[in-house]
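Reviewing the structure listed below.
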Amino acid sequence: MRGIKPAVLVVALAITLISIAPVFAFEQSCALCHRSISENYSTSLHYTIAGIRIAWKQGAGRQFNMSMPKFCWKCHVESCTECHTYHGEIPNMSKCVECHEHNVGVNYEGYLIEKMGKGPSPDIHYVYGLNCTDCHSSTEIHGNGHKYTFSWYAVKVNCLDCHGKSNLTIKGMKVKKYNPNLLVHRLHAGKVSCVACHAVWYQTCINCHLDTGKIDRITTSEFHLIVGPDGKLYPAVRMIISYKNKTTSSFGMILPHTISAKGRPCKDCHTNLSFVYHPKVDSLIGPPGIAYVPPNVNITKFAENYSLIKPDEKFAMPPSTIIVDLHSFGIPLKINITQLGTLIITGVLVGILIHLLKRRITLGRWIG
């Protein structure tokens, strides 16, 4: 030690400390310039994973009387370097999918959990080249200083942020504006979320074994509805989990990232009513305000009392009649297109019959 200079010892000590705690050293350097982001991030859902922890307590944790497994904690993103590997790097979508590999991330690209196989279709926004950060702001990702319990509260973006504006262009593409006067939109407004109709599939994992991490099978054929905190209908997923010799099932609201321009067919909700009712489950997972769609509720009349729907209109069984309201054109009249068409066809047929009878009578007189 006698021949070693003090300066060398200092350098060696510094290297050792940085080797022991590189993340800590980097985090402190990030906070020097990005203090507000650093402080906000410590309360974000990416850091606290409060949504996952609370959902666990509401469902399997309560049923099995056990703490959350270690593998669930891998969703916890503790340091800046887990996403930003070098200064100034803006992570691409593949970085997001590395963690969001169980549902929204891989589903968005058209795959099933952990890319075990392909799903029915990718999200239309993915097809058009939109990345996660094209919708989700840095504030949503890093947090805004509030301690949220579920992503329902933390995620502020909604469909109308883009589709509610006129002449909006994103990445050189003109955004299609939402048309509130479209019959299907008008009938469902205020009671059915956009995603309930336009998320055309999502995955249900059948029997996830907590002791082995294995899943028996995955299906994309299930579709259920749940009442969200805002009173609208949202897609719901059934979660079936096993531990040792016990199996439990939970039911929770989800926001699938599998959007299609063309929504689900009407029959998914209005014909196969048993399809959308909740199956027998042991617990309900999600933010306060969610509720089962009661088995005795007729979906076709679920929003019958909504203020924008006139009292003499039914809600939304796939319409067998189409009403055209001419009041907006200054004509105090409503025309039932189906009945009008029936009258026209009947009138034409009666006219043809009268014409044939007259011709027969005329010809009979002429021949006679």
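Read-outs: derived from the displayed coordinates by stated rules, not from any lab. Note that the coordinates shown come from a computational prediction; the quantities given were computed from them, not determined experimentally. Glycine gets a Cβ as well: all are built from the backbone with ideal geometry, and neighbour counts include every protein chain shown.
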Extreme residue, positive dipole direction of region 178-307, given options LEU183, ILE241, ILE259 (C-beta unit charges): LEU183
Net length gained if the chain between LYS267 and ASP134 were fully extended (0.36 nm per residue, minus Cα distance): 44.6 nm
At R0 = 45 Å, FRET efficiency that the Cβ-Cβ distance of LYS246 and ASN167 yields, to 0.05: 0.20
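Restricting attention to region 95-165, which chymotrypsin sites (Phe, Trp or Tyr not before Pro) occupy a DSSP loop and are surrounded by at most 14 other Cβ atoms within 10 Å?
TYR128
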Cβ charges +1 (Lys, Arg) and -1 (Asp, Glu), total dipole of region 125-176, debye: 140 debye
Packing rank of 167-174, 239-246, where each peptide gets the mean count of other beta carbons within 10 Å, highest leading: 239-246, 167-174
Percent breakdown of C-alpha pair distances by 5 Å bin, ordered from the shortest bin, for region 195-245: 5, 19, 23, 17, 14, 12, 8, 2
Tail fraction, Cα-Cα pairs, region 178-307, threshold 27 Å, whole percent: 22 percent
Cα-centred dipole magnitude for region 178-307, charges only on beta-carbon of K, R (+1) and D, E (-1), debye, nearest 20: 160 debye
